Amino acid sequence: MKLTVTTQMHQNLNVDIAFFLPNLEAGGAEGAIVALANSLASQGLHVSLVLSNAKGPFLAAVSPAVRVENLSATGPTGKMGTIFRLASYMKTCGPRSMMSSLDVPNVQLVAAARLARYKGLIAIGQRATIGPVYERFGYVRKTVYLTAMRLAYPCADVVICNSSAAADEVCALFGMGRDRVISIHNSVDSERINRLANAELTDRWLLGQNTPLILSVGSITHLKDRLTLIKAFALVSERRAARLAIVGASYEPEEHAKVVNLISELGLSEQVRLCGFDPNPYRWMRYAAVLVSSSLTEGCPNQILEGLALGIPIVATDCPGGTGELLEQGKWGRLVPVADIHGMADAILETLDDVDPRDGRLRAADFSPLRVTSAYMSVLMRPGVAAMTSADGSTPRS
């Protein structure tokens with residue numbers, strides 16, 4: 001079956017759950033939502049992905065059982081246009097539940113629901129801790145974003161976070177009770193990942209050497225703190241032969257330039273490879289001796305879940321978010337302080353020398369798609385959702 005993308009809105013589609021995102025570019029939230037939508041559809045539910053623009057590499061990963069709706073909202077008025085087109089979708093198609101992810105789409109979904117007088121359940125997903133993400137913003141931009149979130153989030157029926165840390169922060173920032181703010185981790189499909197890890201990889205840089213590969217999967221952005229990772233790798237390479245590969249897209253040109261310049265300044269051009277985005281990073285993971293997460297903040301980091309599923313030893317920063325939760329405070333991998341160059345280097349070296357690391361596949365079993373999908377179904381398909389309307393036909397929000 002081929003994936004169908006439609007711009008036609010049809011009434012009475014009997015949609016159980018619709019997910020709203022701007023697009024399916026290469027990011028952790030996009031990958032997690034696609035995996036969730038596919039899993040829910042496999043359970044026999046009618047699932048739709050509603051996208052401001054149907055583009056991005058994760059579009060190819062959407063199951064043919066999931067309907068993709070393209071709002072085609074472009075241009076300088078795209079964000080406002082998205083709200084009106086999303087409201088039209090909600091009026092016309094009337095899904096039983098709708099869920100968004102990412103901060104701006106969360107605000108857009110709540111606004112569209114109000115405009116459409118939507119009667120179903122509104123769930124918004126908080127994929128990362130908020131404070132560290134906005135600390136680099138200017139005062140005006142930060143105030144605008146956080147004010148919009150403070151107005152929007154309490155209007156949702158439920159906020160679903162992918163870590164306990166994010167859930168606690170939402171409650172504190174927006175004055176919401178834990179009865180409406182819950183945490184559900186991302187899932188990891190161990191069988192699929194292990195299958196994809198066996199795909200052919202013909203990279204000469206990778207295959208032409210026999211030194212241990214240190215790998216990090218994720219974008220080249222400030223929040224991923226690639227500068228600390230590269231400086232730590234420089235210390236590692238002084239003590240033993242090794243290579244570092246970073247597999248991920250580059251969204252911040254200034255940060256990318258800093259990374260490239262640092263690699264050159266440290267004389268690491270032959271040992272460090274920026275591989276760009278790969279829709280199948282697992283074939284790189286297959287060769288990794290250590291998987292490193294250097295982030296300043298995280299939600300529920302997919303690369304760590306995937307590393308666990310492949311049994312790769314892990315080193316990660318104990319940053320705000322769900323990293324420590326996933327690794328059970330160091331039981332399933334070494335945790336180091338954020339931006340600690342020497343601590344990260346020491347942890348990498350200790351991991352390379354560890355002859356009997358814990359088998360992370362045992363931990364990965366706790367995040368099976370069936371468990372996570374069941375948790376989402378219990379929230380998004382709870383009885384009485386369609387009837388949760390007030391006398392004037394609008395959905396009551398507290």
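The values are calculated or read from the model by the stated rules, or taken from the named source; none is laboratory data. If you're wondering where the values come from, they're calculated on a predicted model, not measured in any experiment. Heads up, the Cβs are rebuilt from the backbone with ideal geometry, glycines too, and the neighbour counts pull from every protein chain shown.
Couple of notes before you dig in:
- Hits in the range 29-44 - residues which are assigned to a loop (DSSP other than H, G, I, E, B) and touching a helix residue (DSSP H, G or I) at 6+ places or on another chain (Cβ under 9 Å): Gln43
- Listed conditions (1) surrounded by 18 or more Cβ atoms within 10 Å (Cβ to Cβ); (2) touching a residue at least 40 places away in the same chain (Cβ under 8 Å); (3) of a type outside the set (Phe, Trp, Tyr) are all met by Ala148, apart from (1).
- Some residue of the range 114-125 being under 24 Å from Thr221 (Cα atoms) and assigned by TED's automatic domain parsing to the domain that holds Val47: yes
- Some residue of the range 288-297 being assigned to a loop (DSSP other than H, G, I, E, B), out of contact with any Lys or Arg (no Cβ under 8 Å at 6 or more places or on another chain) and among the small types (Gly, Ala, Ser): no
- Number of the exception - Thr211 against (1) over 13 Å from Cys275 (Cβ atoms); (2) in contact (Cβ under 8 Å) with a residue 60 or more places away in the chain: (2)
- Total residues in the range 27-60, condition out of contact with any Lys or Arg (no Cβ under 6 Å at 6 or more places or on another chain) and closer than 19 Å to Gly299 by Cβ: 13
- Of residues in the range 166-198 being more than 19 Å from Asn106 (Cα to Cα) and small (Gly, Ala, Ser), the one modelled with the lowest pLDDT: Ser187
- In the range 163-184, the residues that are touching a Ser or Thr at 6+ places or on another chain (Cβ under 7 Å) and in contact (Cβ under 8 Å) with a residue 24 or more places away in the chain: Ser163, Ser164, Ala165, Ala166, Ala167, Glu169
- Qualifying residue in the range 171-185 (condition: more than 19 Å from Thr373 (Cα to Cα), among the aromatic types (Phe, Trp, Tyr), assigned by TED's automatic domain parsing to the domain that holds Gln108 and crowded, with 21+ Cβ neighbours inside 10 Å): no
- Members of the range 68-92 found to be of a type in the set (A, V, I, L, M, F, W, C) and modelled with pLDDT of 90 or more, listed by number: Val68, Leu71, Ile83, Phe84, Leu86, Ala87, Met90
- For the range 215-247, the set of residues classified as modelled with pLDDT under 95 and at positive phi consists of Gly218 only.
- Members of the range 125-165 found to be assigned to a strand (DSSP E or B) and either out of contact with any Gly (no Cβ under 7 Å at 6 or more places or on another chain) or modelled with pLDDT under 90 (or both), listed by number: Gly125, Gln126, Val158, Val159, Cys161
- The number of residues in the range 218-241 being within 16 Å of Ser293 (Cβ to Cβ) and without any contact (Cβ under 8 Å) to a residue 60 or more places away in the chain comes to 4.
Table: residues versus (1) over 20 Å from Ile348 (Cα atoms); (2) part of a helix (DSSP H, G or I); (3) among the acidic types (Asp, Glu); (4) not assigned by TED's automatic domain parsing to the domain that holds Gly31.
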{"position": "Gln209", "(1), (2), (3), (4)": "no, no, no, yes"}
{"position": "Thr228", "(1), (2), (3), (4)": "no, yes, no, yes"}
{"position": "Ser237", "(1), (2), (3), (4)": "no, yes, no, yes"}
{"position": "Ile246", "(1), (2), (3), (4)": "no, no, no, yes"}
{"position": "Leu268", "(1), (2), (3), (4)": "no, no, no, yes"}
{"position": "Arg273", "(1), (2), (3), (4)": "no, no, no, yes"}
{"position": "Asn280", "(1), (2), (3), (4)": "yes, no, no, yes"}
{"position": "Trp284", "(1), (2), (3), (4)": "no, yes, no, yes"}
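- Single unsatisfied condition, Met344 versus (1) of a type in the set (A, V, I, L, M); (2) part of a helix (DSSP H, G or I); (3) surrounded by fewer than 24 Cβ atoms within 10 Å (Cβ to Cβ): (3)
- One residue from Ala316, Ala347, Ala309 being in the same structural domain as Gly248 (by TED's automatic domain parsing) and more than 20 Å from the chain's Cα centre (by Cα): Ala347
- Flag for Ala364 being of a type in the set (A, V, I, L, M), touching an Asp or Glu at 6+ places or on another chain (Cβ under 9 Å) and at positive phi: no
- Flag for Thr129 being farther than 12 Å from Ala18 by Cβ, among the hydroxyl-bearing types (Ser, Thr, Tyr) and without any contact (Cβ under 8 Å) to a residue 24 or more places away in the chain: no
- Residue list for the range 211-226, restricted to those being under 16 Å from Ala316 (Cβ atoms) and part of a strand (DSSP E or B): Ile214, Leu215, Ser216, Val217
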